[in-house]
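Worksheet for the structure shown next.
The values are calculated or read from the model by the stated rules, or taken from the named source; none is laboratory data. Quick caveat, the model's predicted, so the values are computed rather than measured. Every residue, glycine among them, receives a Cβ derived from its backbone with ideal geometry; neighbour counts consider all protein chains shown.
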């Protein structure tokens, strides 16, 4: 009983501790990957016009007649058959939205950041397995296709 009370007190005193543990667990088992990667997208199913270059760093391989293009994004959530790929800036927006606001007596999230994060999440795309493939080895450290 004492341990239960201790856990409840810790969660109340440090509310971000629980979400940090859960997020860390999801990362360690591969359901979430906050690191940006490059993905090969088949352009028979998706048009490159759907992925603006300024948001997705869209690139095509020069000199290839292959029907594919590459985007840069983060795998925000994966269920095995579906991957939720978001632009890389979503990771920073997520951190801002989940940061605690200690300006009030009872700490809470910054509601404006949460609303903005939810609005920007609409730009994420759910891909089924086979529609995309992670392809980091093709790109150099500056994000350009290796020659």
Being exposed (fewer than 10 other Cβ atoms within 10 Å of the Cβ) and closer than 23 Å to residue 130 by Cα narrows it down to one of 80, 30, so name that one. 80
Tell me yes or no: at least one residue of the stretch 87-95 is at pLDDT 90 or above, under 21 Å from residue 47 (Cα atoms) and touching a strand residue (DSSP E or B) at 6+ places or on another chain (Cβ under 9 Å). yes
Just one of 60, 111, 44 is closer than 16 Å to residue 139 by Cβ and modelled with pLDDT of 75 or more; which is it? 60
Name the residue that is nearest to residue 120 (Cα to Cα), counting only residues in the stretch 51-70 that are touching a helix residue (DSSP H, G or I) at 6+ places or on another chain (Cβ under 9 Å) and without any contact (Cβ under 8 Å) to a residue 24 or more places away in the chain. 58
